[in-house]
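Heads up, the thing below is written out as structure tokens.
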Amino acid sequence: MKKSICVLVALSVVLFMAGMACGAEKGTAKEAKAMVDAAVSYLKANGSAKAYAEFNAKSGRFGSKDLYIFVVDFNGMTLAHGGNNALIGKSMNELRDSDDKYFIREMIELSKSKGSGWVDYKWTNPTTKKIEPKSTYVQRSGDLFVGCGIYK
């Protein structure tokens with residue numbers, strides 16, 4: 001009986017701690033915006049080659065929790081991607097979410113027209129493997145935008 005209670009208590013503690021760890025790994029809108037602001041400043045101060053290398057680095061300064069920086073030009077070409085380096089050099093113009101929304105095109109248009117803002121869409125969360133609401137903050141820098149997204 002005591003052994004069963006100890007096992008249940010231990011299991012409860014482990015599950016509680018795991019839940020806290022998962023929750024702590026989720027970036028906030030404020031953090032995503034701050035990361036984009038810092039990335040745009042870094043890009044302007046250091047040039048594209050150095051900035052893209054830093055944005056793409058898994059252990060670089062532009063990765064925190066589940067947040068990362070990506071850069072797309074106004075033709076839809078991915079120039080940097082801290083979450084998936086395989087996307088670098090690929091066009092994202094035809095990319096659609098589960099509701100058939102061309103969210104990269106929307107990010108481009110928002111960047112061109114307003115300079116910065118949030119774009120909402122649905123995307124597969126790599127942690128949960130489920131399609132979830134996502135919001136990405138984008139900011140224009142010349143003829144491209146810098147973005148960072150959060151799962152809601």
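Against the condition hydrophobic (A, V, I, L, M, F, W, C) and over 15 Å from the mean Cα position of the chain (by Cα), how does residue 110 come out, does it pass? Criteria met by residue 110. Is there a residue in the range 95-113 that is out of contact with any Lys or Arg (no Cβ under 6 Å at 6 or more places or on another chain), within 19 Å of residue 26 (Cα to Cα) and of a type in the set (Gly, Ala, Ser)? So far as the range 95-113 goes, no, none of its residues is out of contact with any Lys or Arg (no Cβ under 6 Å at 6 or more places or on another chain), within 19 Å of residue 26 (Cα to Cα) and of a type in the set (Gly, Ala, Ser). Selection of the range 124-150 for residues being surrounded by fewer than 18 Cβ atoms within 10 Å (Cβ to Cβ) and farther than 24 Å from residue 53 by Cβ yields 124, 125, 127, 128, 129, 130, 131, 132, 133, 135. Scanning the range 58-67 for residues that are surrounded by 15 or more Cβ atoms within 10 Å (Cβ to Cβ) and more than 13 Å from residue 38 (Cβ to Cβ) returns a single hit, 66. Close Cβ contacts (under 7 Å, 6 or more residues apart or on different chains) running from residues in the range 124-149 that are free of Cβ contacts under 8 Å to residues at least 24 places away in the same chain to residues that are of a type in the set (S, T, N, Q) and part of a loop (DSSP other than H, G, I, E, B) comprise 132/125. Among residues of the range 68-78 being touching a Gly at 6+ places or on another chain (Cβ under 7 Å) and either of a type in the set (Phe, Trp, Tyr) or modelled with pLDDT under 95 (or both), the one that is surrounded by the fewest Cβ atoms within 10 Å (Cβ to Cβ) is 68.
Regarding the range 101-113, can at least one residue be identified that is modelled with pLDDT under 95, buried (at least 16 other Cβ atoms within 10 Å of the Cβ) and under 13 Å from residue 147 (Cα atoms)? No: zero hits. Residues in the range 30-70 that are closer than 18 Å to residue 123 by Cα and outside any helix (DSSP H, G or I): 65, 66, 67, 68, 69, 70. Residue pairs whose Cβ atoms lie under 6 Å apart, separated by 6 or more positions or on different chains, with the first residue in the range 37-52 and of a type in the set (A, V, I, L, M, F, W, C) and the second surrounded by 15 or more Cβ atoms within 10 Å (Cβ to Cβ) and not in a helix (DSSP H, G or I), are 39/62; 39/69; 39/146; 40/139; 40/141; 40/146; 43/141.
Here residue 86 passes the criteria (1) within 25 Å of residue 129 (Cβ to Cβ); (2) part of a helix (DSSP H, G or I); (3) touching a helix residue (DSSP H, G or I) at 6+ places or on another chain (Cβ under 7 Å) except the one numbered (3).
The values are calculated or read from the model by the stated rules, or taken from the named source; none is laboratory data. The model shown is predicted, which means the values in this text are computed figures rather than measured ones. Quick reminder, even Gly has a Cβ in these numbers, built from the backbone with ideal geometry, and neighbours come from all protein chains shown.
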